[in-house]
Amino acid sequence: MARQLNRPGRPWRGVVLAGAALYFLVPLAASVVFTVDVPGQGVTFDAYTQIFGTDGFVSSLLLSLELAAATIAIVLLLMVPAMVALRLGAPKLRPVVEIVCSLPLVVPPIAFVAGIGTVLKWGPEHLSRTPLFQTFVSIQNPDFPFVLVLAYVVMALPFVYRALDAGLRAMDVRTLVEAARSCGAGWPQALVRAVLPNLRGALLNASFLTLALVLGEFTVAQLLGFQPFAVWIVNVSGSQAQLSVAVSVLSLLVTWALLLALAGFGGRSRTAPRG
Amino acid sequence: MTATTLEKAATTAATVEFLGLRREFGRTVALDGLDLTARPGELLALLGPSGCGKTTALRMLAGFEHPDSGEVLVDGEDVTRVPAHRRDAGMVFQSYSLFPHLSALDNVAFGLRMRKVRTAERQARAAELLELVGLGDKGASFPHQLSGGQQQRVALARALALRPRVLLLDEPLSALDAKVRLTLREEIRRLQQELGITTLFVTHDQEEALSMADRVAVMRAGRLEQCAAPAELYGRPATAFVAEFVGTMSRIPGRVTDGTVEVLGQRLPVDGEAPASPEVDVLVRPEAVRVTAEDASDARVVASAFLGAATRVTVRLADGTEVKADLPTHEAAALGAGTAVTVSLPERPVLVADRL
């Protein structure tokens, strides 16, 4: 059907493509030009070479990558068993889980962080005499603010849910698990040896989306007063405008590189043709 | 391709018993007190229409379903509470169930890996099993590179890899095309006999069940209707349901008096017990019906279907009843549609059932 719809609209394809390309490429090109074309000096790559020497670049990028790694680990450990169990045990609950996992899309981050902030203020006051007080302190450790990981896990749910759902849809989870079990594999082994290897593409997708989300997240980190990569970019933009745009362009290129790596990696996924 | 010494371990074939199995899914009763025994080394087919509980019974033996009440015994030992991976039952599934990320060889070796068999040993044994199912050269292929029939052969080799006490086949041929189905059917039977492994085979295809199995258990609505050798099932069906489900049956109205039934102008003895009401249907197989041309008759040939050596002729009697008869093709050639014919039965006891 899609083909039939496309055929009469073929001239429009070029127009739409050109429009979209302009929309995306013009700001990008403008950013690049802004960073390399310094008035009075001609074309120079100083802005890019400065990046690595600027105070806070390495520490904030490392912090963001650490947060991303922790978020990916936790969200996958949470969602993979949950979604496999959902497929096998309670397929009727699927819409409920889907809605719950989509909620972070409709709750604005600003409202979300306001809630977190309130809890972080309220908690220590009421729990000051219990060991939980120390918990509240340690999750806000600026070297590794675990509270951000918790927030990012929630924010990543919609993307992870969709990526995993697509992966699980492409295979017959029940039959694979049963086949593994009839071959003498216990439940954990069936999951690890039979299901996970076939979810490789979906796991990579989910990880990548989460990584992109964490690298670019600003609102929550800024309002809770931590300084991962995105916050650092905004902070340096006040003093060094060219540098901050250069960092943005660089992070965009890094993201693309990761995306391409993923496409090359997951593209070889060996999902069996059905039928 | 002969079974190696390794395979012959199955000399002590297992007995499988289902005792009063009952299982409900919500309001539907999948199994309603199933009692059935598979003898050591036999191929027992579970045959029935969809929803009769045959797959549920098989899955209970595999450990994927649990009965609400009743027991599953293997060699007299209650395995009802044993988890699936310790059941010692190899299973081939209806849908393609090979692990897509593993080669054919690794698929077969999967169970051995779970049992922590050393790499060299499990590779050797997996290769041997692939040889056994005629795919010795396909070890390195991935499932998506194999045809449906080849995939099911690999699945069979995988199911046999752990030398299970019982082999479970859940409609393994239903996704394949007709020709592959026939050859694989023979091959499964040959392997099963060579290994002497007790095998349960679920199918809704009566021809498949009759041609492969030592005994066929016909199920209906969660209960066993009859369990017998194919010839007995066909020749002496215990119930009208079995009679009509297995093979083709025509119903001809008749009237019972004193243990004989009057049908088509003949008086024939009733086989088995006659129903209470005198108005009955006589059940006849197409090969037992004789058709001869006779101008004075009211019965007409309405259709004929060429089956090869025989032709199946459908005759409509004066009262509208349709009777199917298999005639040698050269005889049927003379009986075109519209020909006036008479229908008669051989002088043998006939099966009767309550009129529908």
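Looking at B:THR80, B:THR119, B:THR55 in this structure, which one is within 27 Å of the chain's Cα centre (by Cα) and under 29 Å from A:LEU199 (Cβ atoms)?
Selected residue: B:THR55, the only one of B:THR80, B:THR119, B:THR55 that is within 27 Å of the chain's Cα centre (by Cα) and under 29 Å from A:LEU199 (Cβ atoms).
Can you give me the number of residues within segment B:130-172 that are farther than 30 Å from B:GLY76 by Cα and acidic (Asp, Glu)? Full working, then the answer.
The first filter runs over segment B:130-172 and keeps only residues farther than 30 Å from B:GLY76 by Cα, leaving B:130-154.
Now drop any that are not acidic (Asp, Glu), which leaves B:131, B:137.
Here the count works out to 2.
Filter segment B:59-71 down to residues that are in a helix (DSSP H, G or I) and within 11 Å of another protein chain (Cβ to nearest Cβ), then give me how many there are.
Residues in segment B:59-71 being in a helix (DSSP H, G or I) and within 11 Å of another protein chain (Cβ to nearest Cβ): 3 in total.
Against the condition closer than 24 Å to B:ARG22 by Cα, assigned by TED's automatic domain parsing to the domain that holds B:HIS144 and surrounded by fewer than 16 Cβ atoms within 10 Å (Cβ to Cβ), how does B:THR37 come out, does it pass?
yes
Filter segment B:169-187 for residues that are among the charged types (D, E, K, R) and more than 14 Å from chain A (Cβ to nearest Cβ) and give the result.
B:LYS179, B:ARG181, B:ARG185, B:GLU186, B:GLU187
Which condition does B:SER250 not pass, out of (1) in contact with a strand residue (DSSP E or B) (Cβ under 6 Å, 6 or more places away or on another chain); (2) more than 29 Å from B:HIS330 (Cα to Cα); (3) of a type in the set (Ser, Thr, Tyr), if it passes all the others?
Single failed check for B:SER250: (2).
What number goes with the only condition from (1) within 13 Å of chain A (Cβ to nearest Cβ); (2) buried (at least 17 other Cβ atoms within 10 Å of the Cβ) that B:GLY139 does not pass?
The failed condition is (1).
Which residue, of B:VAL133, B:VAL154, is in contact with a helix residue (DSSP H, G or I) (Cβ under 7 Å, 6 or more places away or on another chain), of a type in the set (A, V, I, L, M), more than 13 Å from chain A (Cβ to nearest Cβ) and under 14 Å from B:ILE188 (Cβ atoms)?
B:VAL133
Every residue, every condition in (1) within 14 Å of another protein chain (Cβ to nearest Cβ); (2) free of Cβ contacts under 8 Å to residues at least 60 places away in the same chain; (3) among the aromatic types (Phe, Trp, Tyr); (4) not in a helix (DSSP H, G or I), yes or no:
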residue: A:PHE136; (1), (2), (3), (4): no, yes, yes, no
residue: A:PHE144; (1), (2), (3), (4): no, no, yes, yes
residue: A:LEU148; (1), (2), (3), (4): no, no, no, no
residue: A:MET155; (1), (2), (3), (4): no, no, no, no
residue: A:THR175; (1), (2), (3), (4): yes, yes, no, no
residue: A:LEU191; (1), (2), (3), (4): yes, no, no, no
residue: A:GLY201; (1), (2), (3), (4): yes, no, no, no
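In segment B:77-129, what residues are within 7 Å of another protein chain (Cβ to nearest Cβ), of a type in the set (Gly, Ala, Ser) and either at positive phi or not in a helix (DSSP H, G or I) (or both)?
Result: B:ALA89, B:GLY90, B:SER95, B:SER97.
With (1) over 23 Å from the mean Cα position of the chain (by Cα); (2) assigned to a helix (DSSP H, G or I) as the list, and A:CYS101 as the residue in question, which single condition is left unmet?
(1) is the only condition that A:CYS101 fails.
Examine segment A:57-65 for a residue that is farther than 23 Å from A:MET155 by Cβ, at pLDDT below 90 and loosely packed, with under 10 Cβ neighbours inside 10 Å, and state whether such a residue exists.
Checked against the condition, which is being farther than 23 Å from A:MET155 by Cβ, at pLDDT below 90 and loosely packed, with under 10 Cβ neighbours inside 10 Å, segment A:57-65 yields no hits at all.
The values are calculated or read from the model by the stated rules, or taken from the named source; none is laboratory data. Values in this document were obtained by computation on a predicted structure and should not be read as measured data. Counting neighbours? That spans all protein chains shown, and the Cβs are built from the backbone with ideal geometry, glycine included.
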